[in-house]
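Structure record follows, encoded as structure tokens.
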Amino acid sequence: MWPRVFLVLILCITALSVSACVTSHDYEAELTCEQFADNSHQSGDFVLEVGDKLRLELCSNQTTGYQWDYEFTTQNVVKEEDHDFQEPEEGVVGAAGVELWTFEAVGEGTTDIQMEYSQAWEGGSEAEWTYTVTVTVE
């Protein structure tokens, strides 16, 4: 009986030690409306490890019918973990808020996340702003 209890205890301690050594990192990029007004085509580069998170905060004004959408150039490198919209703090009707995107690195390789701020309906404005994020996962 004691050898089994001892073995289970050793396995638990080993598992906890290994999990403590494996850490993920969070990376962030925030782009304001002013930055897009200066240059409507932005880009960024990130080097991540599997398990790391990339959080993008992009100016967005949903009252205008515009919204962000994206495509990956290579699959299975990163995946979308979360997408949310944060209302403007001022509480001013028509003011811009922030679209929050969180991606997780899931496999080694390189992909571009091609983000586009457009009006989704037929005849709506396309690619008013773009943001190309090159992600390399090592």
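The values are calculated or read from the model by the stated rules, or taken from the named source; none is laboratory data. Here the structure is a predicted model, which is why all the values come from computation and not from measurement. Heads up, the Cβs are rebuilt from the backbone with ideal geometry, glycines too, and the neighbour counts pull from every protein chain shown. We work out accessible area using only protein heavy atoms, side chains counted, and drop any ligands, DNA or RNA first. Shrake-Rupley method; radii C 1.70, N 1.55, O 1.52, S 1.80 Å.
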* Structure fact -> With the first residue restricted to the range 121-138 and required to be surrounded by 15 or more Cβ atoms within 10 Å (Cβ to Cβ), and the second required to be polar (S, T, N, Q) and not in a strand (DSSP E or B), Cβ contacts under 6 Å at 6 or more apart or on different chains are 129/40
* Asked: Assuming residue 102 fulfils every condition listed in (1) of a type in the set (S, T, N, Q); (2) in contact with a Phe, Trp or Tyr (Cβ under 7 Å, 6 or more places away or on another chain); (3) open to solvent by less than 30 Å² (accessible area, probe 1.4 Å) apart from one, which condition is it?
  -> (2)
* Asked: How about the range 87-107: which of its residues are over 17 Å from residue 34 (Cβ atoms) and over 12 Å from the mean Cα position of the chain (by Cα)?
  -> 87, 91, 93, 106, 107
* **Pairs where the first residue, in the range 72-87, is at positive phi and the second is open to solvent by less than 80 Å² (accessible area, probe 1.4 Å) and in a loop (DSSP other than H, G, I, E, B), C-beta under 8 Å, 6+ apart** => 76/106; 76/107
* Asked: Can you name the residue in the range 41-84 that is outside any strand (DSSP E or B) and buried (at least 19 other Cβ atoms within 10 Å of the Cβ) and, of all such residues, is nearest to the chain's Cα centre (by Cα)?
  -> 52
